[in-house]
Amino acid sequence: MPAKRLTTLRVEKPWGRHKLWPGFGDVPDGGAAVGEIWFDAKDVADPELMVKYLFTSERLSIQVHPDDATARAAGYKRGKDEAWLVLAAEPDSTIALGTREVTSREALAAGALDGAIVDMVDWKPVKAGDVIYSAAGAVHAIGAGITLIEVQQNVDLTYRLYDYGRPRALHLEAGIAVSNPVPFVAPPVPGEIAPGRTILCEGGKFVLERWSWDGARTVTLPDGVSGWLVPVTGGGTVDGAAFAAGECWMADGSVEIAPDAGSDILFAYPLKDRVDLFA
């Protein structure tokens with residue numbers, strides 16, 4: 001299909017913000033806080049990935065996602081791995097990743113009931129530019145004061161373990177069953193593999209690349225594989241159509257991408273390992 005600009009959806013959240021990020025209008029006075037921007041591929045049947053922006057003013061719930069096999073057994077198409085690129089973070093911002101020490105599921109369940117789980121998880125400091133790949137089974141929570149881009153497997157399936165007393169449902173039985181309560185070990189980041197082309201993560205459920213090259217290049221995706229183009233800053237054209245920061249585009253086959261000078265672009269595709277997109 002030709003490159004397609006995805007529909008932007010603003011999602012209200014109790015932990016969201018009124019002041020968002022360049023490329024998105026702030027919430028009007030009196031409006032409900034917006035926590036997420038979703039990019040919806042309305043005319044695409046069951047896309048494998050989804051892209052979001054998150055804007056936090058409070059800690060999100062401590063939660064976990066199932067892997068593909070467990071999710072399918074529960075009637076879903078897939079599980080959820082996700083990756084985050086931190087765009088901005090207040091000085092004391094943290095993200096909880098894994099537990100501070102190897103923990104039994106029984107102890108994790110007890111901590112979720114009495115609130116001790118807040119101190120059982122490992123709150124790690126984050127800053128702008130950090131990239132984190134959070135695989136299914138990792139107990140995690142995004143902290144306050146953070147703006148980030150999230151790339152995830154496309155499924156609305158989150159098991160909340162603890163939500164700081166907010167009046168939202170928890171999913172303790174299902175969530176504890178899929179939790180892997182161990183210290184988080186970050187997967188290796190391949191880094192720059194060619195001028196202007198950096199691999200931020202691979203070896204999971206998708207590859208996330210970062211591009212900063214100038215001029216037009218033709219990108220060719222394998223048959224049956226789509227790509228998600230996310231301009232972080234700047235803009236450019238894809239198959240002659242203008243794109244800009246704050247948007248997300250989806251394409252397959254061969255497309256010509258011409259970023260403006262100095263633009264910063266993410267490109268994600270649902271394969272375990274990278275392919276030669278520029279062959």
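Elements of the type strands (runs of 3 or more DSSP E) sitting completely within the stretch 104-207 and holding at least 1 residues that are acidic (Asp, Glu) and more than 29 Å from PRO22 (Cβ to Cβ): these cover 121-125.
Give the residues of the stretch 92-126 that are among the charged types (D, E, K, R) and within 16 Å of ARG59 (Cα to Cα), sorted by residue number. Explain how you work it out, then say what you get.
In the first step, residues of the stretch 92-126 are kept if they are among the charged types (D, E, K, R); the result is 92, 100-101, 105-106, 114, 119, 122, 124.
ASP92, ASP119, ASP122, LYS124 - these are the residues of the stretch 92-126 that are among the charged types (D, E, K, R) and within 16 Å of ARG59 (Cα to Cα).
Would you call VAL232 under 25 Å from LEU6 (Cα atoms) and outside any helix (DSSP H, G or I)? For VAL232, the condition - under 25 Å from LEU6 (Cα atoms) and outside any helix (DSSP H, G or I) - is met. Of the residues in the stretch 76-94, at least one is among the acidic types (Asp, Glu) and farther than 29 Å from PHE267 by Cβ.
In this structure, does ASP114 turn out to be closer than 16 Å to ALA186 by Cα and out of contact with any Asp or Glu (no Cβ under 8 Å at 6 or more places or on another chain)? No; evaluated as a whole, the condition is false for this residue.
Among GLU36, GLU12, which is surrounded by fewer than 13 Cβ atoms within 10 Å (Cβ to Cβ) and assigned to a strand (DSSP E or B)?
On the way: GLU36 fails: surrounded by fewer than 13 Cβ atoms within 10 Å (Cβ to Cβ).
Answer to the check: GLU12.
The single condition from (1) under 14 Å from the mean Cα position of the chain (by Cα); (2) in contact (Cβ under 8 Å) with a residue 24 or more places away in the chain that GLY143 fails is (1).
From the list ALA88, ALA96, ALA74, which residue is within 20 Å of the chain's Cα centre (by Cα) and either surrounded by fewer than 22 Cβ atoms within 10 Å (Cβ to Cβ) or without any contact (Cβ under 8 Å) to a residue 40 or more places away in the chain (or both)? That would be ALA88, the only listed residue that is within 20 Å of the chain's Cα centre (by Cα) and either surrounded by fewer than 22 Cβ atoms within 10 Å (Cβ to Cβ) or without any contact (Cβ under 8 Å) to a residue 40 or more places away in the chain (or both).
FYI, it's all coordinate maths here, none of it is from the lab. Given the structure is predicted, the values throughout are model-derived calculations rather than measurements. All Cβ positions, glycine included, derive from the backbone under ideal geometry; neighbour counts span all protein chains shown.
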